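Here's the structure, in structure tokens; my notes come after.
The values are calculated or read from the model by the stated rules, or taken from the named source; none is laboratory data. Keep in mind that this is a model prediction, so the values were computed, not measured. Here the Cβ positions follow ideal geometry from the backbone for every residue, glycine too, while neighbour counts run over all protein chains shown.
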Amino acid sequence: MRKPFEKIALGCLLALALMGPATYAQAPTPAAPKGSVVVASPTYTSIAMEITVNRPAAEVWKHIGKYCDVGEWLQVPAGCKIISGKDGEFGAVRSVGGGEVLVGRTELSYTYAQTPKEGTPYNLYHGTVEARPLTPTTSKLVYTLFFDNSMLPDDKAREADKEARRARFTQALQNMKTLAEGGTLPPPPPPAR
């Protein structure tokens, strides 16, 4: 004889099967309201970059791992400013031309997310910076970007955007390596006209 639970489960499955798919299928997601920052059909992409540094990971992180160190190694003309919370704490918001919230952190990494802007499609942009130990005297810096590029017009534009981001953040990794190994950065190039 079957256990009562098995009879109930079998009965539920039979009832769902008899109801047909239209009866219990999830309703389609409604379109985003006009002026919403929600993207109807996102296409997520990521960019992973890395560079080897001739210093131990903990030492590297001391040079480049504070949340507002980004102003120096990304060579942001206006620098970086904590506009809410405390540097290095969850929820801290930094400004490097726009708001970025610290959403994850470990001893040798952090993850940030850019904040939505009213009237602009939200691309769910996130970045993670991490120092990984390789040997007692070397480490690897890993920078990963994640975002939605569906608002760009076509594959050619999406690939060009991805390569421009890769170039900018590869330079940022080189700058982090220079700083972590005790060097100094040259002045940033003048803005393009």
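Here is how the numbers come out for the structure above:
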| item | result |
| --- | --- |
| Candidates 79, 99, 104, filtered to the one that is surrounded by fewer than 17 Cβ atoms within 10 Å (Cβ to Cβ) and on the phi > 0 side of the Ramachandran plot | 79 |
| Hits in the range 46-78 - residues which are part of a loop (DSSP other than H, G, I, E, B) and not small (Gly, Ala, Ser) | 54, 55, 56, 66, 74, 75, 76, 77 |
| Within the range 88-140, considering residues that are touching a helix residue (DSSP H, G or I) at 6+ places or on another chain (Cβ under 7 Å) and small (Gly, Ala, Ser), the one farthest from residue 66 (Cα to Cα) | 139 |
| Matching residues, the range 51-110, being among the aliphatic types (A, V, I, L, M), touching a Lys or Arg at 6+ places or on another chain (Cβ under 9 Å) and more than 15 Å from residue 127 (Cβ to Cβ) | 51, 53, 57, 60, 82, 83, 108 |
| Residues of the range 152-193 that turn out to be part of a helix (DSSP H, G or I), among the hydrophobic types (A, V, I, L, M, F, W, C) and either free of Cβ contacts under 8 Å to residues at least 60 places away in the same chain or loosely packed, with under 10 Cβ neighbours inside 10 Å (or both), as a count | 4 |
| Failed item, numbered, when residue 87 is tested on (1) modelled with pLDDT under 95; (2) within 29 Å of residue 150 (Cα to Cα); (3) of a type in the set (D, E, K, R) | (2) |
